[in-house]
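Let me begin by presenting the structure, written as structure tokens, before commenting on it.
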Amino acid sequence: MHDHDDHDDHDHHDNHFSEMQARVKALETVLTQKGLIDPAAIDAIVDTYETKIGPRNGARVVAKAWAEPDFADWLRKDATAAIASLGYTGRQGEHMRAVFNTAETHNLVVCTLCSCYPWSVLGLPPVWYKAPPYRSRAVIDPRGVLDEFGVTLPQGQKIRVWDSTAELRYIVIPERPDGTEDLDQEALADLVTRDSMIGTGLARSKGEGR
Amino acid sequence: MNAFEPTLAASPGLPKSHQGDPVFAEPWQAEAFAMTVRLHEKGVFSWSEWAEALSHELYKPGRRADAGDYFDCWVAALSRLVTELSITSQEQLNDLTQSWQRAAEATPHGKPILLENDPGR
């Protein structure tokens, strides 16, 4: 099959490391080779802070979509613009698409192996999410993978798996938990976990706390 | 007291949340922080050595007024310290940095970015 995208190959790559990202990887490489650190231990420390990295913008996007039907519509039609309207922007050229969970369909996002994970919106990806087996298994057996995460979906609910492309990133809009009509957007945002925005979890129910 | 506190105590000006936890603007900053914590724990350098290396970078002229380059200084301090301890050289770090950048560019979407992907290696 012929590739028709040749024309923009020169100014666009799937992956890119900033100078600082690359410097940190260089340090990690040397220190690992010398046996002074091991990447698993580093991941474990980083994981401690996963929810504190990035401004958790995505949770506020979800809360607003729950509370304001007009915003939800906008998000459905043009997530990039709707998210940008809140002042949250990713890197240049990063387009977002919002996929809404419903009673019929649960959405699951794969692919964070490369540098394309929209952490500025979703926060840091979990350590396991970067593992190649997750990606392939999520595609083949999404229900089994979700089961391992303790997420059991109703029998009739379909699972749709989204694989982000170099230009398009996804955010899952989880279903709003029952009994949250009286909560303001700030309180609603507290119910939105990082995992619920990639589809490996559901939003917390009211009173479940952090 | 958690394991990171000596690092926190030895790192003046570290951006922190109201709860006193470090706040990172980007994942690489957390990785740099985590590596420093590990090297500490392993006794590769003492906290006074770290504090001195970091201050040296933080008080260099030409810092950004909004302190948005705090972790740039952090990485510079860590790089200097490990070269001073002869764990590596500045040249090796520079080579590897460029190598990682080429590797990223050469890695197609959906594949893990590995150093081996650098066509120049």
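The values are calculated or read from the model by the stated rules, or taken from the named source; none is laboratory data. Everything quoted here is computed from the prediction, not taken from an experiment. Note: ideal-geometry Cβ built from the backbone for every residue, glycine included; neighbour counts use all protein chains shown.
Side notes on the structure shown:
- When we screen A:T152, A:T200 for residues that are exposed (fewer than 15 other Cβ atoms within 10 Å of the Cβ) and among the β-branched types (V, I, T), the only hit is A:T152.
- Residues within segment A:46-95 that are modelled with pLDDT under 75 and of a type in the set (K, R), tallied: 3
- In segment A:178-185, the count of residues that are more than 15 Å from A:N101 (Cβ to Cβ), among the small types (G, A, S), surrounded by fewer than 16 Cβ atoms within 10 Å (Cβ to Cβ) and assigned by TED's automatic domain parsing to the domain that holds A:A84 is one or more.
- For A:Y170, the conditions (1) assigned by TED's automatic domain parsing to the domain that holds A:H106; (2) in a loop (DSSP other than H, G, I, E, B); (3) within 18 Å of the chain's Cα centre (by Cα) all hold with the exception of (2).
- Test: residue in segment B:93-113 that is polar (S, T, N, Q), closer than 19 Å to A:T32 by Cβ, touching a Ser or Thr at 6+ places or on another chain (Cβ under 7 Å) and within 12 Å of chain A (Cβ to nearest Cβ): no
- Entirely in segment B:1-85, the helices (runs of 4 or more DSSP H) that have 3 or more residues that are modelled with pLDDT of 85 or more and either at the interface with chain A (Cβ under 10 Å from one of its Cβ atoms) or surrounded by 12 or more Cβ atoms within 10 Å (Cβ to Cβ) (or both): B:27-41, B:47-58, B:70-84
Yes/no matrix, rows are residues, columns are (1) free of Cβ contacts under 8 Å to residues at least 60 places away in the same chain; (2) closer than 21 Å to A:E94 by Cα; (3) assigned to a loop (DSSP other than H, G, I, E, B); (4) in contact with a Phe, Trp or Tyr (Cβ under 9 Å, 6 or more places away or on another chain):
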{"position": "A:Q155", "(1), (2), (3), (4)": "yes, no, yes, no"}
{"position": "A:T165", "(1), (2), (3), (4)": "yes, yes, yes, no"}
{"position": "A:R176", "(1), (2), (3), (4)": "no, no, yes, yes"}
{"position": "A:D182", "(1), (2), (3), (4)": "yes, no, yes, no"}
{"position": "A:R204", "(1), (2), (3), (4)": "yes, no, yes, no"}
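- Residues in segment A:184-200 that are assigned to a loop (DSSP other than H, G, I, E, B) and over 17 Å from A:A65 (Cβ atoms): A:T200 alone.
- Selection count where residues are buried (at least 18 other Cβ atoms within 10 Å of the Cβ) and within 14 Å of A:R135 (Cβ to Cβ), scope segment B:97-112: 1
- For segment A:20-28, the criterion of being modelled with pLDDT of 80 or more, farther than 30 Å from A:R76 by Cα, surrounded by 15 or more Cβ atoms within 10 Å (Cβ to Cβ) and of a type in the set (S, T, N, Q) is met by at least one residue.
- Residue, modelled with the lowest pLDDT, within segment A:96-126, restricted to residues that are within 30 Å of A:I45 (Cα to Cα) and more than 14 Å from every other protein chain (Cβ to nearest Cβ): A:M96
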